[in-house]
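Encoded as structure tokens, the structure appears first; notes follow it.
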Amino acid sequence: MKTIRNFLAVFTIALLGAGTALIIDHFYLNKNARYAAEQFIRNPMPVKFAELHSALPETNMDFVSAAQKGVPAVVYIESKVRMEGERTYNSIWDYFYGQSQPNIVEGQVSGSGVIVSADGYIVTNNHVVDEAGKIEITLSDRKKYIAKVIGKDPETDLALLKIDATNLPYIEYGNSDELQVGQWVLAVGNPYNLTSTVTAGIVSAKGRNIDILPREIASHKIYPIESYIQTDAAVNPGNSGGALINTSGQLVGINSAIASNTGSYTGYSFAIPVNLVRKVVADLLQYGNVQRAFIGANIENVDEDMAKKAGLNNMNGVYINSTIPRGAAQSADIRKGDIIIKIGDQDVNDVSNLEELVGRYRPGDKVNVTLMRNGQQMEVPITLRNLDGTTAVGTAVSNATVEVIDEFGASLVPLSGEEKQHFNIDGGAKVAKLNEGPFEGVGVQRGFIITKINHKKIKSPQDVRTILDEKSGDILVEGIYPNGMRVAYEFEM
């Protein structure tokens with residue numbers, strides 16, 4: 001009985017304690033918790049959440065109108081190229097003495113191009129049409145044309161084509177200097193033969209040098225300009241030569257390369273800035289080749305020590321290591337140790353950037369160069385020069401310099417002074433273009449230099465015409481290729 005009374009006493013005390021705790025929690029602790037929560041809502045911690053209306057305006061994210069301008073002006077290019085296949089030997093003695101004959105096979109290169117005028121001028125990459133015999137253009141409406149090459153520039157990897165058409169849709173030039181990192185752009189092209197493909201991305205960087213262009217072609221040293229716009233818009237094989245456009249539908253670059261271990265897009269693509277494209281196109285139209293200007297100095301990027309000595313707050317600019325005798329820089333009293341920070345009104349970030357900016361000018365053009373010397377900023381006027389150290393520009397190309405030889409199925413052009421010197425010959429006729437005909441049939445490739453026909457010396461394309469006007473029957477054509485290989489072709493006319 002006593003045990004029961006003790007249990008009831010303990011139970012009653014426990015029950016009273018639990019009730020008291022519930023009352024305190026309900027009337028005091030919960031009240032404080034609610035108060036704290038209410039205070040937090042009224043006075044939140046300093047973390048700001050983006051509001052919906054703070055996103056980019058919808059008009060900036062609408063790519064439809066830009067795509068509608070770009071797609072009709074981007075074409076599909078298919079180039080027929082003749083290339084050297086496996087070599088054969090006519091006899092066992094030829095094998096031992098290395099006297100093999102090349103087997104010429106026909107290949108195909110495809111890419112994209114951009115119509116830049118209503119009368120049929122098309123910009124593309126040089127590597128899309130280099131060594132091409134026949135170039136077929138397919139418009140976005142599936143109409144086909146045969147294009148002729150107006151000019152090519154391996155130093156910028158650009159080429160200009162022309163088709164016989166009028167009232168074509170074309171893309172207006174934009175201003176690549178105004179592009180900003182983070183800005184939306186569209187890539188328009190024909191990857192994997194998928195015509196009229198549009199991809200979107202942003203400008204990832206500017207002034208990129210990826211060291212992709214050759215520095216020597218057929219033993220000739222060249223000076224490539226690589227100052228690419230880097231984007232993350234998807235670009236794949238077949239996009240080369242296509243358009244990079246802004247959201248206004250203006251051309252801001254020509255898509256040229258990707259950085260990839262697989263050969264397909266992996267997040268990095270590169271385009272030639274349109275401000276450089278415009279100059280190259282103008283030169284190819286007027287001269288048939290690019291009139292390249294040089295500053296006449298050996299240069300390098302600025303490092304931390306150089307910037308400190310010059311009194312710069314950053315490492316933007318280009319350091320003058322030395323000047324070339326009789327070059328533009330030396331003539332303008334630009335000295336070793338100077339740091340160029342502006343060309344005209346454009347800031348210079350690095351060597352690639354300077355080469356692009358100077359590449360927009362021709363020999364003889366005058367431009368103000370802003371530089372730092374001994375901690376002082378100064379502006380120096382400079383007259384740019386060509387590689388020979390003069391202000392001369394090349395002679396404009398006229399139709400008279402191109403001899404169309406229908407009997408051969410080829411267009412011939414005279415040799416440059418540099419080519420004559422390189423091959424140690426006093427003349428010749430170079431195959432600039434191949435159509436259907438005997439030359440194509442026997443395996444002649446573009447770039448072949450005719451030095452003799454039927455043992456008679458050839459100094460110019462006009463000499464070829466003169467001989468053919470007097471001769472019929474068997475023809476023996478002797479000459480040399482850019483790689484130094486001497487070849488003779490014989491055929492009947």
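Couple of notes before you dig in:
- Of all the residues in the range 340-366, those that are within 26 Å of Asp303 (Cβ to Cβ) and in a strand (DSSP E or B) number 6.
- Count - residues of the range 462-488 that are over 18 Å from Asn424 (Cα atoms), open to solvent by less than 30 Å² (accessible area, probe 1.4 Å) and either at pLDDT below 90 or small (Gly, Ala, Ser) (or both): 5
- Residue check for Ile229: under 11 Å from the mean Cα position of the chain (by Cα), aliphatic (A, V, I, L, M), in a strand (DSSP E or B) and within 19 Å of Phe63 (Cβ to Cβ): yes
- Asn298 vs. criteria part of a loop (DSSP other than H, G, I, E, B) and of a type outside the set (Lys, Arg): no
- Test: residue in the range 199-206 that is of a type in the set (D, E, K, R) and in contact with a strand residue (DSSP E or B) (Cβ under 9 Å, 6 or more places away or on another chain): yes
Condition check ((1) open to solvent by less than 40 Å² (accessible area, probe 1.4 Å); (2) charged (D, E, K, R); (3) more than 24 Å from Lys366 (Cα to Cα)) across all residues:
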{"residue": "Thr231", "(1), (2), (3)": "yes, no, yes"}
{"residue": "Ala234", "(1), (2), (3)": "yes, no, yes"}
{"residue": "Leu251", "(1), (2), (3)": "yes, no, yes"}
{"residue": "Ala257", "(1), (2), (3)": "yes, no, yes"}
{"residue": "Pro273", "(1), (2), (3)": "yes, no, no"}
{"residue": "Asp283", "(1), (2), (3)": "yes, yes, no"}
{"residue": "Glu300", "(1), (2), (3)": "no, yes, no"}
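- Filter result for Ser204 (hydroxyl-bearing (Ser, Thr, Tyr), in contact with a Ser or Thr (Cβ under 8 Å, 6 or more places away or on another chain), closer than 28 Å to Ala410 by Cβ and open to solvent by 10 Å² or more (accessible area, probe 1.4 Å)): no
- The listed residues are Gln108, Gln99, and the only one of them that is open to solvent by 10 Å² or more (accessible area, probe 1.4 Å), modelled with pLDDT under 90, more than 22 Å from the chain's Cα centre (by Cα) and not acidic (Asp, Glu) turns out to be Gln99.
- Qualifying residue in the range 130-149 (condition: at pLDDT below 90 and open to solvent by less than 50 Å² (accessible area, probe 1.4 Å)): yes
- Filtering the range 150-170 to residues that are open to solvent by less than 20 Å² (accessible area, probe 1.4 Å) and charged (D, E, K, R) leaves Asp153, Asp157.
The values are calculated or read from the model by the stated rules, or taken from the named source; none is laboratory data. Small disclaimer: the values here were computed from a predicted structure and weren't measured. Quick reminder, even Gly has a Cβ in these numbers, built from the backbone with ideal geometry, and neighbours come from all protein chains shown. Side chains included, ligands, DNA and RNA excluded: accessible areas come from the protein's heavy atoms. Shrake-Rupley method; radii C 1.70, N 1.55, O 1.52, S 1.80 Å.
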